[in-house]
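Notes follow once the structure below has been shown.
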Amino acid sequence: MPHTSATDDDSPQEQLLGVDVGGTFTDFVYVRGGQVRIAKRPSTPDDPGRAIADALIEFGWSPEEVIHGSTVATNTLLTRTGANVALITTMGFRDTLAIGRQARPDLYALHPQRRDPLVTRARRFEVDERIAADGSVVTPIAVDEVDRVLDRVERSGARSIAICFLFSFINPEHEALAAERARARGFAVSASYEVLPQHREFERMSTTTANAYLAPVMTSYLDALEARLDDICGQGVRLRIMQSNGGSLSASSAGRNAVRTVISGPAGGVAGAFAAAEGDRYSNAITFDMGGTSADVALCPGRLLERTDLLVDDMPIRTPAVDLHTVGAGGGSIAWFDAGGALRVGPQSAGADPGPAAYGRGRLPTVTDAHVVLGRLRPEQQLGGIVSLDVERARNAIATIAEPFGSVEAAAQAVIDVVNANMARALRVISVERGYDPARFSLVAFGGAGPLHACDLADAVGIPHVLIPSAPGVLSAAGMLIADITRDAERGLHLAIEPADSGRVRRLDEAFDIVAQQAREAVAEDGYQDGVTIEYAADLRYRGQSHELTVRLPGARDAAAVRKAFHAAHSERFGFSSHETPVEVVIARAKARHAGYQGAVGAEHESNAGGSTTEQVIWDRSRATTVAHRGSISSAIEGPAILTQVDTTVTVPPGWSAELLASGSLLLQRTNQGSS
C-alpha cells in the first residue's frame, strides 16, 4: 500500500477517520489532505464508543467522515444481550427456530448441547395465512387477526418483531401488510422479504430474527456515537459502518440491517490486506490478521471471495460476507492445561481488561507474555505507543505453566508452538482443503501480533514469502477507509436452464433488473448516486442438488453464459462438472458499488529512528539478533532480526531475510542460512 507523510496539515482539506474496535486495542487511521496519522488505544468493552471519543479529544481530530468497524453485532449475539424480540410466522411454524435442521455440529456427542433460540416460545406467534410455493394465496391474511397478534406481542413486552411467513420471498404481500401494521404501532420490524428474500425457511427465519434482535442495539449504539461525534467535531459528521462483505454503508442503514455487520472488523482487514497485496503485485494472497483475541485468515485468489452462509454461535445467518476463517488465537490468548495435561492456548483471552500480564495488570500466561520472555517483544518498546512491557510480570505468568517444560523459556516457546499450530491449521482449511496450493500464494500478515508469527506460519504450510504492509497493526482501520460503499440485493428464483438453452431468459432478466434497481436505490439512500456500478451474481446448482454455489457473472447473462460460468465454478470447487444436467438458478443477486477513498493510507516511518543493536533473543536457541526500528531499514536485512514500529513488531527468524519495497511494505523471504 503506498505510503504518505505523517505530518499534520492545518489546511482545510478532506478529513477522514478509519476506526477498528478490537478486543484489546481500538485502531485509528486519520487522513487529512492526504497526510496520514495512525494510533492505537486500549478498547473500552463496556462502551466501545468511548475509546473513539477519547481519541478524538486527545488528538484534536475533526473528521468529516468516520468509517467504523463495529463489534457490536457479534458481541451482542455471543453474549445474548440483544432486544426483547417477538416472532410472527405462518400457522404451524412457530417452532421452526427450535427444530432447525438435522445437521449436528458434534456428530458423536452423547449429550449434545444447543443454545436456546433468540426468541422464547412464549414470544413466538402464529397468523392463519398461507402462500403457496408458486406465490398464489392459499389462505388470505386477515387484518383483524394481525392486530390481535400485535396486541399479544405488546403484552409480552417485546418491542422488536421478526416477521417470517411461508414463501414470502416469492410473494411478500402478507408480510408487507403485517409489517405495515406493526410499524404503525411503533414496533421495530424486520420482515424476511426485506432482510433475506430467499428460500430455506429455517435460515431465513434465523437471519430475520437475528436482525430483529440486533437492530435496536445497533441503532442505539450508532445514535449515541453520532451524537458524540457531533459534540466533539461539530454537526454533520458522516458515519459509515463496515459490512461483512468488505464494503461500507451508512449508519442509518447499518442500524436497520445490523445482521449485515456481524464480521464488520475482520472484513475491513481483508479489504486492506488485499489492497496492499495488489499494490505490490501479489494479487494471489492469503491474508492473516492476528489481533489480541483472535486470528482471521482469508484466501484471495486474485479477488475477494464472498460467502453467504455464516454461522455465529451455532446460529445460521445468511448475508454476503468476506469468506474468512477465524480461530481463537491472539496475543491475549491464555495458555492452560486440559484434563489430559496437554497445553492449550485460547480461545479464552485476557482481552483489554486485564490484558496480558506484561501489560501490568493481568496474571494469566498469554501469547504476548511468551514473546516477552523469549525477547521477541522488546521491553524498550511501548506497544501502540502507550503500553510499557513488564518483563518480570510476564516471566512470573509463564512460570505458572513452566514445570512440565523444565524452564520458563521452554514453556514460552511451547506456547508459541501451540498457537502457531492452531493458526497453521486454519491456513490449511482455507487453502489445501479447498484445492489451492499455498506455494502459489503470498502471506499478507497484519494485526498487532500477525507479523510476529508470519514466517513461522509460512514455514508450516509452505508459503514462499510474506508481505508486511507499512502499518500492519492498524490495517483493518485503513481497509475501512479504502473500502467501497456497497449495498446488496437478492431475489429468490427457482428457474431451470436446460443444456440446449442459449438465449436470454426473460424471468432471469426481470429478476436481475429488480435486484439491480433495489441495490441502486439502497446506495442512493446512503447518499451515493453518481459513479455507481452494478455487479451481478447468481446462486446456481445442478438439478437434483440440494445446495448451490454463488457464481459471479461479470459478462453476459444469457443462458449459455450462466451455464458456462457455473460449470467452471463447480469444476474449480469440486473437481468436475456435468454439462448435460440442467442448471437451476436459485437466487439472483446484484451489488451496487461506489468507490471509497482513493488516496494512500499507509504510514511512513521515521528514517532517523536510530541505529540497530544486537541482542540475545531465543529462537531455536539463544542467538545474536539485530534489533532495529523499521524506519531505519534501507536495504535487505538478514535474520534473525526484530524490527519495531509503533503499531507492531516484525520478527525475521533465522533463515529469513527482509527487504523494503518501494510501497513501504516489507517482503520477507527464506534464505539458506537458518541452520547455522
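The values are calculated or read from the model by the stated rules, or taken from the named source; none is laboratory data. Quick caveat, the model's predicted, so the values are computed rather than measured. Quick reminder, even Gly has a Cβ in these numbers, built from the backbone with ideal geometry, and neighbours come from all protein chains shown. Protein only, heavy atoms only, side chains kept; ligands, DNA and RNA dropped before computing areas. Shrake-Rupley method; radii C 1.70, N 1.55, O 1.52, S 1.80 Å.
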Packing rank of 250-263, 92-105, 212-225, where each peptide gets the mean count of other beta carbons within 10 Å, highest leading: 250-263, 212-225, 92-105
Enclosed volume per residue, in Å³, of the convex hull spanned by Cα atoms of the range 36-82: 98 Å³
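Please quote Rg/Rh for the range 485-594 to two decimal places, taking the Kirkwood radius as Rh and restricting both calculations to Cα atoms.
On the way: Rg = 14.5 Å, Rh = 14.3 Å.
Rg/Rh: 1.01.
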Per-residue SASA entry for Lys591, accessible area with 1.4 Å probe, Å² rounded to 10: 20 Å²
The chain: calculated mean residue ellipticity at 222 nm from DSSP helix runs of at least 4, using -39500 (n - 2.57): -9500 deg cm²/dmol
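Give the longest segment of the chain that steers clear of GluC sites (Glu not before Pro) in DSSP loops with at most 16 neighbouring Cβ atoms within 10 Å, not counting the sites themselves. Before the final figure, lay out each step's value.
On the way: sites that count: Glu14, Glu64, Glu380, Glu580, Glu606.
With GluC sites (Glu not before Pro) excluded where exposed in loops, the chain gives 65-379 as its longest stretch.
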Fraction of alpha-carbon pairs over 25 Å apart in the range 89-204 - percent: 25 percent
The range 544-580 and the range 616-656: distance between their alpha carbon centers, rounded to Å: 47 Å
C-alpha center-to-center spacing [the range 200-266, the range 461-537] in angstrom: 19 Å
Cα-based helix-to-principal-axis angle, 264-279 vs the chain, degrees rounded to 10: 60 degrees
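D for the chain, whole µm²/s, Stokes-Einstein with Kirkwood Rh over alpha-carbon pairs at 20 °C and 1.002 mPa s: what number? Kindly include the intermediate steps, with their values, before the conclusion.
Numbers: Rh = 26.4 Å.
Answer from the Stokes-Einstein relation: 81 µm²/s.
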Normalised contact order of the range 485-594, rounded percent, pairs of Cα under 8 Å and 6 or more residues apart: 48 percent
Of all accessible heavy-atom area on the range 485-594, the percent that carbon and sulfur account for (1.4 Å): 46 percent
On Cα atoms only, tilt of 201-233 relative to the major axis of the chain in degrees: 60 degrees
Share of carbon and sulfur in the accessible heavy-atom surface of the range 179-242 [1.4 Å probe, %]: 46 percent
Pairs of alpha carbons in the range 4-131 whose separation is greater than 22 Å (percent): 59 percent
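Ignoring ligands, DNA and RNA, what percent of the accessible area of the range 612-670 is carbon or sulfur (1.4 Å)? Walk me through the numbers on the way to the answer.
Values: 1020 of 2130 Å².
Solvent-exposed carbon and sulfur of the range 612-670 make up 48 percent of the total.
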Relative contact order for the chain, counting Cα pairs under 8 Å that sit 6 or more residues apart, in percent: 14 percent
Table column - 3J(HN,Hα) (Hz), the range 30-39, Karplus curve with 6.51, -1.76, 1.60, x for Gly and Pro: 10, 10, 9, x, x, 8, 10, 10, 10, 7
Probe 1.4 Å, all protein chains present, accessible-area order of His111, His570, His199, largest first: His111, His199, His570
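What area, in nm² and to one decimal, does the C-alpha convex hull of the range 612-670 cast on average over all directions? Could you put the intermediate results ahead of the total?
Numbers: hull surface 15.6 nm².
Quarter of the Cα hull surface area: 3.9 nm².
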Nearest-10 value in Å² for the accessible area of Trp619, using the 1.4 Å probe: 20 Å²
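Remind me, relative contact order of the range 22-180 in percent, using alpha carbon pairs under 8 angstrom and six or more residues apart? Before the final figure, lay out the partial values.
Working: 174 pairs, mean separation 33.3, N = 159.
Over the range 22-180, the number comes to 21 percent.
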For the range 470-541, convex hull of alpha carbons as volume per residue, Å³: 166 Å³
Computed accessible area, His325, all protein chains, 1.4 angstrom probe, square angstrom: 60 Å²
Spatial separation of Cα centroids for the range 292-310 and the range 48-75, in angstrom: 24 Å
Residue-normalised accessible area of the chain, given per residue in Å² at a 1.4 Å probe: 40 Å²
